[in-house]
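Derivation of every value follows stated rules applied to the coordinates shown; laboratory data play no part. What you are looking at is a predicted structure, and each value in this text was computed from that prediction instead of being measured. No Cβ is skipped: glycine too gets one built from the backbone with ideal geometry, and neighbour counts run over all protein chains shown.
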Amino acid sequence: MPAPHPHLDFLSEAIATARAARRPVAIRGGGTKDFYGGPVAGDTLDVRPLSGITSYEPTELVITALAGTPLAEVESVLAGGGQHLAFEPPRYGAGGTVGGMVAAGLSGPARARAGCVRDHVLGVTLINGRGEFGTFGGQVMKNVAGYDVSRLLAGSLGVLGVLCEVSLKVVPRPVASVTLVRSFDESGALSLLNTLHRRPLPLGASAWYDGGLYLRLEGSEPAVAAGCAALGGDRLDDTQAAAWWAGLRDQTQPFFAAPGPDLWRLSLPPTAPAIPLAGGQLIEWGGALRWWRTDAPAEDVRRRATVLGGHATRFRGARPVRDPFTPLPEPLRRVHRELKKAFDPDHILNPGRLYPEF
Amino acid sequence: MPAPLVDASAPTRSAGSEARRRELLGALARVLSGEAILADSEATAPFECDALSAYRVRPLVVVLPRTDEEVAGVLAACRALGTPVVARGAGTGLSGGALPHAEGVTLSLARLNRILAVDPVACTATVQAGVRNLAISDAAAPHGLYYAPDPSSQLACSIGGNVAENSGGVHCLKYGLTLHNVLGVRGYTIDGERIEFGGQALDTPGLDLLSIVVGSEGMLAVVTEVTVRLLPRPEVARCILASFATVEAAGRAVAEVIAAGIIPAGLELMDRPMVGAAERFVHAGYDLDAAAILLCESDGTATEVDAEIARITKLLTDCGATRIEASRDEAERLRFWSGRKNAFAASGQLSPDYMCMDSTIPRRRLAEMLRAIEGMQARYGLTCVNVFHAGDGNLHPLILFNANDADELRRCEAFGADILETSVRLGGTISGEHGVGIEKLNSMCVQFSPAEREQMFRIKRAFDPAELLNPGKVIPTLHRCAEYGKMHVHRGVSAFPDLPRF
C-alpha cells in the first residue's frame, strides 16, 4: 500500500481553488495528445508528478499505476512479466502518461480483436469538479457493484474528473506473431476482411494502405502456422513487421506524419463500403476504422460517415478546431450535459476539450 | 422457498392512492390493449419476485408491451404521473433487481422477443431485449457463430437482463463480460424518448455511455433492443479435471497456469463439500478424496487445443495434482462440466434453502478467504459450500439454511454480509456478476464512501431526474447506511488509505 502522495493534496487544492475562482483547469500529462479534441482555455494542471506503479502481480493479470506514470514505464514493466496492454495504446511521441492514455480512450491496431482501452479499465481513483476523491471499480476482472464509473472515464478527455490512479487488465503477450502482405485494391481488401473475422483465425490486426493488405496473425505457434497456411501471402520479416505496426500505432509513418491535408478518423461498421472522398486513405480494424487525409469540407466527411452508421472526427490538422467531434443528437446531448453537471457543476475541468458547450 | 422478507399481501389503499391507481390504469389503457395490463392481485402475483425469492413485493400494475412504441407510451405515462417503473426481463436475476415497487409499474419486456437480424458478414445480431441468451447462439449457429457470454441461466435469461446486470459466465476470463460483447443498445429514457448507446461501429462520439448503461440494473434507461457481437464457434473444446490435496495447492496451480501465459476458456474450482454434493447429484466422476478440484478448458483449433491441453496437464501435475484427466471426446467434456453446471441444484439437495453469494477477490487471496469462511461457519452455525470462477476471482459461496427458521435466516444474512465485507477488505468487490439489486444494498455502504454513493445518485439523476426508474435499488441512501451502522472499509490495496473521504 503506497503512502499518500503529496501531489494528490496539490491536485485537490488546485481544483478547490479553481472552483472558488471559477477558473478552469487544463489537465495535462505528457502532452503527446495535445492536438486531440478542442482547445481548452485554462490553467495547466500537470499530473506527471503523481507517478509510480502501485502494484503489479502478473498472475492476477492486473496493473495499478498512478495517473502520471509514463506509459513507457508501464509497458516496460509489463514486458518484464511477459505481458502487455492488449489494445496497443498509441503513443504519439515520448512522455505520454497512463492517465492520458485512459482519458484519451484511443486504441491501436489490435483493437478490433483485443478490445479497446475501456474494455481493459478495471478501476480508477479520481477527483471530480467538486474536489472530492472517489474510487470506482477495483482490481478484479468482474465487478458489478454500482455503476461502472471507471469505464465511463475512458475517453472522457478529462471533462468528468482528474484521474489519479488507474487499474488495467493485462494479458500475456502472444507467443508467435507473423505478418502477411497481399496486394488488393480498396474494395477487394474490404471484401476479404469481411470474411476473415467469421473464421476461427488468430487475426490480431489488419490494415490496408496503398494497395497492400497487411494481416497480423498472433497467438500460439500452431494457430499462427495454421492461419498462415489458410491465408497465404508474403511474409514480412519480423523487424519490418514490427516497424510497420509501430508506425501505424504511433502514426509515425508518412501517411500520418507527412505535411498535407487534415487527418480525419472515420469510425464505421466494418461492412461499410469503400468511400469516395478526395485524398488518401488508410484502413484499420477490419474495415471499422478509416483514416483520411482530405481537404473535403467537414460537413461532407461527417455526412458520409453518419449515412454509413458511424461518425467522423477531425483528428489532427494544421489549425485547432472548436468542434472536432461529431455533434450529438438529442437526447444524448442532454444526458451529456447533465452528466457533466453531475461530476463538474462549475465547468472547471477541461471545458471545451470534448464539446464546445462543456 | 424462503419466507417473504417484504410483506406481499395486498396493501389497503387510501382513497388518494386508489384515485392515483385509477388514473394510472386509465393512462396505460390509452397506450396498451387491455390484455397487456395486469392489475388484479392474482394476475400480478407471478411477478412479485425474481430468482431472489426471499424478497417479494406485489406491484401496483404489470404491463406487457409488444412494441417499442408501447414501451415509450408506458414510460411517458409513468413520467407524467410520477409513477416508479421497474423493468423486468425473464426474472432470473439473483439479486432482486427486478423486485417490484409497491406503488409502481412492473414493465415486462418478455414479449419483445424477436430476433431482428443476424448479420453473418458483420458478425452481429440485433435482437429485442426479451430474447433469451441461448436463442441468440441458436440463431447464429447456422453461420458457425455464437454469442460468447454464458451465464448459468442462459437457457432462460434474457439479453435485456444480461445488459442490465453486465452478466458474466464461466467463459468470461477469455471472452469478456456482456459489455465486451455488446456493440450497442437502443431504448427509451424515462420521458419515453428514443435513445441509443453505442452503435454498429466500434465507438461513438462523446462519452462512452454504453459502459455505464450496461450493468446499470434498469436505473438509467429502458433497453428494448441490443446489438451483440458474434464470434466464430471454436473448432474444438477440451476440458481437464484435476484433483488437489489442499485448496492452497489448487489456488497455486491456477496462478501457475496464468503465469505460463495461458488464458483458459474456463477455469473453475470447487471445494470438497461442493464436490461431494455435485458428485452425489450427477455422478460426474469427481474425486471424492480431493480437497479441491479444478476444471480447466481449452478451446480453438484441434492442434492448438491439443498443444495447450498438454502444457496445462504438465503444469498442473508439477503443481501437485493428485489425479488428472483430460476429456477425450465431447461426451466426456460435458460429463466433467455436469457437476459444476449442477452445483446450485446439488446444493438444493443438501438443505431446504441456500443463499448464493457472488463476491470477487484478487485470486491470490483465495486460501485466506476460504479460511475466513470456515471460521464463519462456526460463528454463524451454518454450512457453506464453495464454487469459484478461479480464473477471474469470482467466488460463489452457497450458504445452506432453512428459511422457515427465522433465526437461521437471520444468521444466514449475517453470514452473507460478513463474506461480502471480508471480500472488500481483501481488495475485492461485493458483486462479480449478479448485481446489487436489493440484496446487497447494505454492503454497498461498506464498499463505497458517502461521496462515491452520492456521485452515483448524481449519475442516476442525470438520466432520470425524477428517480422513477427502478428506484431504491443499487445505491443505498445515507440514511440506510447510517441505520446499517457499518462504515465504509478501505479496499485491501487502496492507494490512498489516509485521504479524507466525504
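Can you figure out the FRET efficiency of residue B:30 with residue A:298, using R₀ = 60 Å and their beta-carbon distance, to the nearest 0.05?
Calculated transfer efficiency: 0.85.
Quick one: dipole size for the protein assembly as shown, taken about the Cα centre, charges +1 on Lys/Arg Cβ and -1 on Asp/Glu Cβ, in debye to the nearest 20.
For this selection, approximately 1360 debye.
Would you work out which of A:272, A:74, A:14 lies farthest towards the positive end of the dipole of chain A? Charges go on Cβ: Lys and Arg +1, Asp and Glu -1.
A:272
Which distance in Å, rounded to a whole number, links the C-alpha centroids of the stretch A:25-97 and the stretch B:414-458?
That distance is 29 Å.
I want to verify the translational diffusion coefficient of chain A in µm²/s; compute it with Stokes-Einstein, Rh as the Kirkwood radius over Cα pairs, at 10 °C and 1.306 mPa s.
74 µm²/s
Cα centroid distance between the stretch B:94-169 and the stretch A:320-351, in Å?
About 31 Å separates the Cα centre of the stretch B:94-169 from the one of the stretch A:320-351.
Report D for the stretch B:351-484 in µm² per second (integer): Stokes-Einstein, Kirkwood Rh on Cα pairs, 25 °C, 0.890 mPa s.
After rounding, the answer is 156 µm²/s.
Highest mean first, what order results for A:22-33, A:177-188, B:281-292 on Cβ atoms within 10 Å?
Result, highest mean first: A:22-33, B:281-292, A:177-188.
Under the definition of partner shielding as Cβ atoms of other protein chains within 10 Å of a residue Cβ, what is the mean value for peptide B:28-35?
0
Across the Cα atoms of the stretch B:252-345, what radius of gyration and what greatest pairwise Cα-Cα distance (Dmax) are found, in Å?
13.1, 36
Kindly provide the pair-distance distribution of chain B built from C-alpha pairs, with 10 Å bins from 0 and whole-percent values in order of increasing distance.
4, 18, 28, 27, 17, 5, 1, 0
Which pairs in the list A:169/A:340; B:174/B:341; A:33/B:473; A:341/B:440 are over 30 Å apart, alpha-carbon to alpha-carbon?
Exceeds cut-off: A:33/B:473.
Calculate for chain B the 222 nm mean residue ellipticity that helices alone would give, adding -39,500 (n - 2.57) per DSSP H run of length 4 or more and normalising by residue count, nearest 500 deg cm²/dmol.
My calculation for chain B gives -10500 deg cm²/dmol from helical runs alone.
Considering every residue in B:450-462, what mean count of other chain Cβ atoms within 10 Å of its Cβ is obtained?
6
To the nearest Å, what is the center-to-center distance of the stretch A:141-193 and the stretch B:328-379, using C-alpha atoms only?
Rounded to whole Å, the Cα centres lie 32 Å apart.
Tell me whether the stretch A:1-122 comes out rounded, prolate or oblate; compute the Cα gyration tensor, take square roots of the eigenvalues as a ≥ b ≥ c, and use a/c under 1.5 as the rounded threshold.
Oblate is the answer for the stretch A:1-122, as a/c is 1.5 or above yet b/c matches or exceeds a/b.
Highest mean first, how do A:158-171, B:196-209 rank when packing is the count of other Cβ atoms within 10 Å averaged over residues?
Top of the packing list down: A:158-171, B:196-209.
P(r) for the stretch A:164-268, please, calculated from all Cα pair distances in 5 Å bins and given in %.
2, 10, 18, 22, 19, 14, 8, 4, 2, 0
As a test of the definition: which semi-axes, in Å, follow for the protein assembly as shown when you take the square root of five times each eigenvalue of its alpha carbon gyration tensor? Largest first, please.
Equivalent-ellipsoid dimensions as semi-axes: 39, 34, 28 Å.
What is the average number of partner chain Cβ atoms found within 10 Å of a Cβ in A:104-115?
Average per residue, whole number: 1.
Towards the positive end of the charge dipole of the stretch B:236-345, with charges on Cβ (+1 Lys, Arg; -1 Asp, Glu), say which of B:288, B:336, B:239 has the farthest Cα.
Most positive-ward Cα: B:288.
Run the helix sum for chain A: -39,500 (n - 2.57) per DSSP H stretch of 4+ residues, divided by residue count, reported at 222 nm to the nearest 500 deg cm²/dmol.
It comes out at -8000 deg cm²/dmol, rounded to the nearest 500.
Which percent, nearest 5, of DSSP beta bridges in chain B are antiparallel?
Bridges in chain B are about 90 percent antiparallel.
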